[in-house]
Structure formats: C-alpha cells, structure tokens
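Since every read-out is calculated from the coordinates, none of them should be taken as a lab result. No experiment lies behind these values; they were computed from the predicted model shown. Every residue, glycine as well, gets a Cβ built from its backbone with ideal geometry; the counts of neighbours run over all protein chains shown.
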Amino acid sequence: MQLDTLILQFQKKDKSAFEKLYGMYAENICGVINTIVKDPERAQEICQDVFVKIWDKSDTYDTSKGRFFTWILNIARNAAIDELRSKAHKNKKKNLHMDSFVGILAYGDDLNSQMDTIGLKTLLNGLKEKCLLLIDLLYYKGFTQKEAAEELDTPIGTIKTRIRACISNIRKNMAPSDGN
C-alpha cells in the first residue's frame, strides 16, 4: 500500500492504517525523543503520547506543508522539549541516581558524542567552544535562551549575540567552496 493512501486512511480514523504507520515510524520517533530527554523509559511514554496526539489531530496534517514523517517528528520534538522544560523533569534531574554517573563518565555528555555522520561535524568545524556549548544547550537539551543565560551565568543579550554569530559561522561552513 502506498504511503499517501495509508495516510488518507489514517486521517479517516482507520485503526489498521494507524497500526501500520506506528510500525513504520515509532522506533525512529522514540529514538529522537530519547536523544533529547536521555531517558529511554520516559522517551517511550512520550512516544506513546505523540502517537495518541497524531491520532487525535490526524485531520490537521496537510500534505502541502511537508512530509508526514516530518509532521510527526516536529510534534515529537516539541513534546520532548516540553518534557525537558517541565518541573517534574527538572526535579528528577536534580536527583540523579548513582547509575547515571557511570553513563555520563563512560560516554560523556558533550556535543561531539552526539554528532552524526551526515556532515554535522563539517558544519560545526572551527566553531568556538562557546558556540558548541550554546548549540548543545539550545538545540539538543531544549533550553530557552533565558535558561541558557542562567545556566551559563551570562547576560541574555550576550547569549543572543553569540548565537547569531554561531549561526553566521555555520552558514559560512554551509556555503559551497568555490574551488580556490
């Protein structure tokens, strides 16, 4: 069955179409959520919530605005970031179990360990450590600019200026070389 047909059936509340879509996308969506929240059990719960949400809001998906997977991915990413910003998550983070430290020490929690092989290292190549830290906080950990400013004990204006400079440098790295 073609994806477009499957999506149309899903939008008409066809449970078998939903099950097929869930089978196609759940593992990837849970993985993205886990990358953000860094808690596999909580990521599974959020993933389930995301699929309930897309079932309830299936009529809001519009093919002209993007791919179906991207629509689900945006909902999942927002849900994961909402989780990071929640009071419950912040309180849980304050009370890390001893087992958590083994993983932190073994794998590190830096941006370099999270980079993939699709060229992200090239884009971030040459960025200052401050830029890498900001990208880690704002994108991977879901901090707001205000929260990042508080975390780094830096004025919000400085954070905004730095992130603009970082984005500018990333854009330069994205520009195709002219062969000179």
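Charge dipole of the stretch 1-95 (Cα centre as origin; +1 on each Lys and Arg Cβ, -1 on each Asp and Glu Cβ, all else neutral): 480 debye, rounded to the nearest 20. Work out the P(r) tail for the stretch 1-95: percent of alpha carbon pairs separated by more than 22 Å, whole number. Pairs farther apart than 22 Å: 30 percent. Listing Phe10, Phe18 from fewest to most neighbouring C-beta atoms within 10 Å gives Phe18, Phe10.
From least to most packed, judged by other beta carbons within 10 angstrom and beginning with the fewest, Asp39, Asp82, Asp59, Asp153 follow the order Asp153, Asp59, Asp82, Asp39. Length gained on full extension, Thr144 to Asp56: 28.9 nm, using 0.36 nm per residue less the C-alpha separation.
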